């Protein structure tokens, strides 16, 4: 069998969740498991956190129904709300929570006839200008929906656009806009994502919504005492299945991007960009081979990549290659490859997941 695998450390996931709850001041904590838990496996991650997380966040009803089918009974929030009004009966059937972030959604909820109680998270556009109601529409929607007997007390939410930029004034501006928009309105609040939790201790809300930090990657551009406590959840590994020797001046891989400057021993690894590894990771990108530091050479192929074994005479066929995990960490690897730590695990395909840590 092909040896590529992604080890998913559920103990690390639970540790990161507890850090998020701690940084949030013990407030209610919604674990973002959208996009298959950022590529880590939504069902496995939700099962590991069920009983700890106050709710789970997903992008769409399809993701929510996968969790319900797997026996997840905790509240599940549709972070983007519904895309068609005809989803509302399914929302009721499966006892889902949902965001309302556009005027047409307000109209659809108001027109929906049900005896069930609906849990709405009303979203303000505080400055990201993606989803969310304008401040005037937000207050009008709050009044309109609050008057409906089927609407439970709402959660008032917004989303930070630049909390991962610690020198940006935008986060403070958004927090102030949010505070002004909700002034005098009833309802719990939800504002803090991972970078807000880790980098902005003065910005807090009743509900916090950690995402990337749950999976052990640092969303900030610097390390802090808090980010150093994050434990990587995914370790991507494969094995060397071929070895060859090339001489000075000989190239490796597509485009001859690597040309040997010395006699070079090359290991071929069973993992490529179809598995989620960046195609254009540069020569010298760090890897571990049997726990020893080594580097990538040559362009990454769809199913394979190549590493330099010259200084590791003990390494060879069957040696374990770690592409990311404790070392190199996702948040270190990603910028070297011109991508984000969010993107890499979400792109993992075809690689079987192996759960560790119960």
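The values are calculated or read from the model by the stated rules, or taken from the named source; none is laboratory data. These numbers were taken from a predicted model, which means no experiment stands behind them. Methodologically, a virtual Cβ is constructed for each residue, glycine included, from the backbone with ideal geometry; neighbour enumeration extends over all protein chains shown.
Taken together, 17, 56 contain a single residue that is within 20 Å of residue 358 (Cα to Cα), touching a strand residue (DSSP E or B) at 6+ places or on another chain (Cβ under 8 Å) and surrounded by 23 or more Cβ atoms within 10 Å (Cβ to Cβ), which is 56.
Among the residues of the range 226-241, is there at least one that is within 26 Å of residue 119 (Cβ to Cβ) and out of contact with any strand residue (DSSP E or B) (no Cβ under 9 Å at 6 or more places or on another chain)? Outline the logic, then answer.
Initial filter on the range 226-241 (within 26 Å of residue 119 (Cβ to Cβ)): none.
No, there is no match, as no residue in the range 226-241 is within 26 Å of residue 119 (Cβ to Cβ) and out of contact with any strand residue (DSSP E or B) (no Cβ under 9 Å at 6 or more places or on another chain).
Quick check: is even one residue across the range 222-229 assigned to a loop (DSSP other than H, G, I, E, B) and either in contact with a helix residue (DSSP H, G or I) (Cβ under 8 Å, 6 or more places away or on another chain) or closer than 30 Å to residue 352 by Cα (or both)? Yes, the range 222-229 contains a residue that is assigned to a loop (DSSP other than H, G, I, E, B) and either in contact with a helix residue (DSSP H, G or I) (Cβ under 8 Å, 6 or more places away or on another chain) or closer than 30 Å to residue 352 by Cα (or both). Within the range 282-309, the residues that satisfy the criterion of being surrounded by 17 or more Cβ atoms within 10 Å (Cβ to Cβ) and over 24 Å from residue 347 (Cα atoms) are 308, 309. Within the range 5-56, being out of contact with any helix residue (DSSP H, G or I) (no Cβ under 6 Å at 6 or more places or on another chain) and within 30 Å of residue 240 (Cα to Cα) holds for 5, 6, 7, 8, 9, 11, 12, 41, 44.
Can you pull out the residues in the range 194-204 that are surrounded by fewer than 24 Cβ atoms within 10 Å (Cβ to Cβ) and either assigned to a loop (DSSP other than H, G, I, E, B) or in contact (Cβ under 8 Å) with a residue 40 or more places away in the chain (or both)? The answer is 200, 201, 202, 203, 204. Restricting attention to the range 166-193, the residues that are farther than 16 Å from residue 23 by Cα, out of contact with any helix residue (DSSP H, G or I) (no Cβ under 8 Å at 6 or more places or on another chain) and in a loop (DSSP other than H, G, I, E, B) total 5. Is it the case that the range 263-286 has a residue that's outside the structural domain of residue 213 (by TED's automatic domain parsing) and without any contact (Cβ under 8 Å) to a residue 12 or more places away in the chain? No, every residue in the range 263-286 fails to be outside the structural domain of residue 213 (by TED's automatic domain parsing) and without any contact (Cβ under 8 Å) to a residue 12 or more places away in the chain. Among the residues of the range 150-160, those that are assigned to a loop (DSSP other than H, G, I, E, B) and surrounded by 18 or more Cβ atoms within 10 Å (Cβ to Cβ) comprise 154, 158, 159, 160.
In the range 1-60, which strands (runs of 3 or more DSSP E) lie fully inside it and hold 1 or more residues that are under 25 Å from residue 83 (Cβ atoms)?
On the way: elements: 5-9, 28-32, 55-58.
In the range 1-60, 28-32, 55-58 are the strands (runs of 3 or more DSSP E) which contain 1 or more residues that are under 25 Å from residue 83 (Cβ atoms).
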